[in-house]
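Please read the structure below before turning to the comments.
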Amino acid sequence: MELWTARLPEPATAVAQAQRAEQAGWDGVTFTDSQNLVGDPFVAVALAAAATERLRFATGVTNAHTRHPAALANVAATVQETSGGRFVLGIGRGDTALFHLGLKPMPVTRFARLVTDVQAYLGKGTVDCEGFASVMHWLDRARQPKVPLDVASSGPRVIDVAARTAERVTLAVGADPERVAWALDLAHKAAADAGRDPAEISFGAYVNVGCHPDVEVARGLIAGAVAAFAHFSSMPGSTGAGLRDDDRAVVAEVGRRYDSTEHLSNRADHTRPLRPEFVDRFAIVGSPDACAERFFSLAALGIERFVVTGPGFGADRDDARTAGRLLVDELLPTLHQEVRP
């Protein structure tokens, strides 16, 4: 089981965050790509990789609007070289990065075309740029393996694109085993329809985790993060597919209220529709033992990699420290054991 932690690529802290993550036993770090809110994730990866030995890195996630597919593949391949092959290119339709340009997430049809172009560049293929045959020539001199492409996926159409195109698919559908199983079934079928063996794809999941003995406190710690991931299922073009009827109503209301200027904030108005029973299904909350059981249930479905998001902005500092300590000292060691206790 690979366990990754989500972090912000702040220039002043990226290196220290990566060093702490490596010491704590995380397998990898994802750095957010949102140009108006935080520093550049590729610079953060280059700096952090130079200060660590085994930790892996990914964008969590970038998009192909703010960077041309050629430029995106180029910087990804560059940090793959400088990190010694420890980089994964995580990509999505674009959320806050596009919002702060006055744009909505890109349509799935355009997303599919651009992701295909990025993958072609990374694989030393030829991309048709309005009649011009575009190739990334310098990759012939690259010493590291191809950069793995990882598509963050919430809805059926993006899951379909991901399963047909990428080496890695990371689901952003919550932690309810029923919905995760639904998403995996879609991905397996799409891969098979494209002539791919689903077993060759690495499946992961973004999960909101509140590890605290007081479950009410645990829910409150991650309210902002839960709302952020819930609203991915209500983005333009989304139908809330795979959700229970009552959960679909919650997600729709979160999406209706969602204010991207309050992204990840526990105090945002868009957290108000989050009912306790919804959070308990959509996220992973409770004691280390209770959280471990949820992780194991998802791993049994075929999820081999988890990207963990913790407390949102505005969380009580003491409670957040307790949650962080329990996560690192108790939950991670349990999950890293090869044999389930």
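One way to sum up the overall shape of the stretch 97-149 is the equivalent ellipsoid from its Cα gyration tensor, whose semi-axes run 26, 15, 10 Å, largest first.
Accessible area per residue for the stretch 26-117 is 35 Å², calculated with a 1.4 Å probe on protein heavy atoms, without ligands, DNA or RNA. Rounded to the nearest 10 degrees, the inclination of helix 156-165 to the longest alpha-carbon principal axis of the chain is 50 degrees.
Provide, for q = 0.17, 0.21, 0.31 Å⁻¹, the log10 of I(q)/I(0) from a solvent-free Debye sum over equal Cα point scatterers in the stretch 59-105. Here the Debye-derived log intensity ratios amount to -0.51, -0.70, -1.10. Carbon-plus-sulfur accessible fraction, the stretch 269-334 (probe radius 1.4 Å, protein heavy atoms only): 49%. Helix 69-82 and the long axis of the chain differ in direction by around 80°, with both axes built from C-alpha atoms. For the stretch 1-84, which GluC sites (Glu not before Pro) are both in a DSSP coil and crowded by at most 12 other Cβ atoms within 10 Å? Filter output for the stretch 1-84: E53.
Hey, how much of the P(r) for the stretch 174-218 falls beyond 14 Å, as a percent of Cα pairs? Summing the P(r) tail past 14 Å for the stretch 174-218 gives 61 percent. For the chain, the mean residue ellipticity at 222 nm estimated from helices alone is -12500 deg cm²/dmol, where every DSSP H run of n ≥ 4 contributes -39500 (n - 2.57) and the total is divided by all residues, rounded to the nearest 500. Each residue of the stretch 261-266 was assigned a 3J(HN,Hα) from its phi angle through the Karplus curve 6.51 cos²θ - 1.76 cosθ + 1.60 (θ = phi - 60°); the sequence is 6, 10, 4, 6, 7, 5 Hz, with glycine and proline shown as x. In units of the rule-of-thumb radius 2.2 N^0.38 Å, the stretch 284-341 shows an alpha carbon radius of gyration of 1.18. You can think of it this way: the chain between E53 and D246 has 64.9 nm of extra reach, that is 0.36 nm per residue less the Cα-Cα gap.
Size of the stretch 234-341: Rg and Dmax of its alpha carbons, in Å, are 15.8, 43.
FRET efficiency for the R20 to S297 pair, using the beta carbon distance and R₀ = 35 Å, is estimated at 0.75.
Ranking L103, A283, A50 by how far each Cα lies toward the positive end of the dipole of the chain (charges on Cβ) leaves L103 at the top.
The three principal axes of the Cα atoms in the stretch 52-146 give end-to-end lengths of 38, 36, 17 Å, sorted in falling order.
Overall size of the stretch 136-244 from C-alpha positions, given as principal axis extents largest first: 54, 32, 27 Å. Our compactness index for the chain, the C-alpha radius of gyration over the empirical 2.2 N^0.38 Å, is 0.94.
For the chain, a Gaussian network of Cα nodes joined below 10 Å ranks F203, F313, F31 by mean-square fluctuation, and the top entry is F313. Overall, the stretch 96-173 carries a charge dipole of about 120 debye about its Cα centre when +1 sits on the Cβ of Lys and Arg and -1 on the Cβ of Asp and Glu, all other atoms neutral. For helix 245-257, report the angle its Cα long axis makes with the longest principal axis of the Cα atoms of the chain; keep it between 0 and 90° and round to the nearest 10°. Taking Cα atoms only, the helix is inclined about 70 degrees. Each Cα pair of the stretch 1-102 feeds into the Kirkwood radius, which the Stokes-Einstein equation turns, at 20 °C and 1.002 mPa s, into a diffusion coefficient of 159 µm²/s. Applying the Karplus relation 6.51 cos²θ - 1.76 cosθ + 1.60 with θ = phi - 60° to the stretch 300-317 yields 3J(HN,Hα) values of 5, 7, x, 7, 10, 8, 10, 9, 9, 10, x, x, x, 5, x, 5, 4, 5 Hz, where x marks Gly and Pro.
The values are calculated or read from the model by the stated rules, or taken from the named source; none is laboratory data. None of the values given here were measured: they were computed from a predicted structure. Positions of Cβ are generated from backbone atoms using ideal geometry, with glycine treated the same way; all protein chains shown enter the neighbour counts. Accessible surface is based on the protein model in full, side chains and every heavy atom, while ligands, DNA and RNA are left aside. Shrake-Rupley method; radii C 1.70, N 1.55, O 1.52, S 1.80 Å.
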